[in-house]
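Trainee: Sharing a structure, written as structure tokens. Questions coming.
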Amino acid sequence: MAAIVSALLIGALFGFGLAVSEMIDPARVIGFLDVAGRWDPTLLFVMGGALAVTLPGFPLILRRARPLLAEFFAMPTQSRLDGSLITGATIFGIGWGIAGFCPGPALAALASGSPGVAVFVVAMIAGQWAGSLLEQRP
């Protein structure tokens, strides 16, 4: 139960941070991607803030024998670039550039009540479901 409550609180903090930084506004993201036009560096500062916390914090956390609310650290096991990773990253990037949303900000933007955001989230979930079906193929 503690892990669920912790995930809820951390997710709410993350969503609040996205809302405060206006990263739930697709115009901000598209402005960041528009390097040949009216470039908006706001997203760069949000990413920099995340890195400023993560880079020193991650090694400190990994010094622990185990996480506070789990049995072990769930770390990625694959370190090579393969076709699935490159294809998925390309599809993600195209969708991000077209819609101006990635999963975290899209979920946070659901609170706006915008029908467009709801359609995007439903399509995102459908895409994740379709991708999981492809992964299960022999």
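Trainee: Can you give me the number of residues within the stretch 65-105 that are in contact with a Lys or Arg (Cβ under 9 Å, 6 or more places away or on another chain) and surrounded by fewer than 13 Cβ atoms within 10 Å (Cβ to Cβ)?
Mentor: Adding up the residues that qualify gives 2.
Trainee: Every residue in the stretch 113-127 that is surrounded by fewer than 11 Cβ atoms within 10 Å (Cβ to Cβ) and not hydrophobic (A, V, I, L, M, F, W, C), please.
Mentor: Within the stretch 113-127, 113, 115 qualify.
Trainee: For the stretch 20-50, which residues satisfy the criterion of being of a type in the set (A, V, I, L, M, F, W, C) and over 14 Å from the mean Cα position of the chain (by Cα)?
Mentor: So the first thing to find is which residues in the stretch 20-50 are of a type in the set (A, V, I, L, M, F, W, C), and the list is 20, 23-24, 27, 29-30, 32-33, 35-36, 39, 43-47, 50.
The answer is 20, 27, 30, 32, 33, 35, 36, 39, 44, 45.
Trainee: Under 9 Å between Cβ atoms, which residue pairs at least 6 apart in sequence (or on different chains) link something in the stretch 4-27 that is over 25 Å from residue 70 (Cα atoms) and surrounded by fewer than 16 Cβ atoms within 10 Å (Cβ to Cβ) with a partner that is of a type in the set (Asp, Glu) and modelled with pLDDT of 90 or more?
Mentor: 27/40
Trainee: So which residues in the stretch 12-51 are part of a helix (DSSP H, G or I) and of a type in the set (D, E, K, R), if there are any at all?
Mentor: 28
The values are calculated or read from the model by the stated rules, or taken from the named source; none is laboratory data. No experiment lies behind these values; they were computed from the predicted model shown. When we count neighbours, we look across all protein chains shown, and the Cβ atoms used for this are built from the backbone with ideal geometry, even at glycine.
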